[in-house]
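Visitor: Here's a structure for you.
The values are calculated or read from the model by the stated rules, or taken from the named source; none is laboratory data. Since this is a predicted model, take the numbers as computed values, not measurements. Cβ coordinates were reconstructed from backbone atoms using ideal geometry, including for glycine residues, and neighbour counts include every protein chain displayed.
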């Protein structure tokens, strides 16, 4: 099942995120709870998940960003695309990205942007098969 995150999905999402850049499972303190609630209450912030047998196995984030150019149409930013190692190559990440695309269309976005730190050809080919291209823009990152 592909759906948006709910409050009860915190532990499942954090477990999945542990496979993303070797993130540790965060302590559920006031700061983490405030960030979680901020995300849940933000209508422009969408965490999309694939659930199988009660377990989250894939996810991506889609944030809708207001914009003053392009006829004041917003754009969507995709981040944190992850699929559980044991569930890969089954179309789950693509299904999450397709769900994000439907959100972006519903919100009248004029484009979607996705950044990846992956360098493997298979991952880059996957994103191109999902409809993204690496030719139109150049991304620069400034880590803080």
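Residue-by-condition table, conditions (1) more than 14 Å from the chain's Cα centre (by Cα); (2) not in a loop (DSSP other than H, G, I, E, B):
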site: 16; (1), (2): no, yes
site: 22; (1), (2): yes, no
site: 28; (1), (2): yes, no
site: 32; (1), (2): yes, yes
site: 35; (1), (2): yes, yes
site: 56; (1), (2): no, yes
site: 71; (1), (2): yes, yes
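Visitor: Residues 100, 104, 118, 50: which one is part of a helix (DSSP H, G or I) and within 22 Å of residue 15 (Cα to Cα)?
Guide: Matching residue, one of 100, 104, 118, 50: 100.
Visitor: Here's something else I'd like to know. Can you run down the residue pairs with Cβ atoms below 8 Å, 6 or more apart or on separate chains, where the first is in the stretch 7-22 and in contact (Cβ under 8 Å) with a residue 40 or more places away in the chain and on the phi < 0 side of the Ramachandran plot and the partner is loosely packed, with under 13 Cβ neighbours inside 10 Å and part of a helix (DSSP H, G or I)?
Guide: Note: pairs meeting the criteria are 19/85.
Visitor: Consider only pairs whose beta carbons are under 9 Å apart and that are at least six residues apart or on different chains; among these, list those whose first residue lies in the stretch 70-91 and is free of Cβ contacts under 8 Å to residues at least 12 places away in the same chain and whose second residue is surrounded by fewer than 17 Cβ atoms within 10 Å (Cβ to Cβ).
Guide: Going by the 9 Å Cβ cut-off, the qualifying pairs are 72/66.
Visitor: Within the stretch 121-136, can you find the residues that are touching a strand residue (DSSP E or B) at 6+ places or on another chain (Cβ under 7 Å) and either part of a loop (DSSP other than H, G, I, E, B) or farther than 19 Å from residue 76 by Cβ (or both)?
Guide: 132 - this is the single residue of the stretch 121-136 that is touching a strand residue (DSSP E or B) at 6+ places or on another chain (Cβ under 7 Å) and either part of a loop (DSSP other than H, G, I, E, B) or farther than 19 Å from residue 76 by Cβ (or both).
Visitor: Could you list all residues from the stretch 104-120 that are surrounded by fewer than 18 Cβ atoms within 10 Å (Cβ to Cβ) and either closer than 24 Å to residue 57 by Cβ or at pLDDT below 95 (or both)?
Guide: Hits for the stretch 104-120 are 115, 116, 117, 118, 119, 120.
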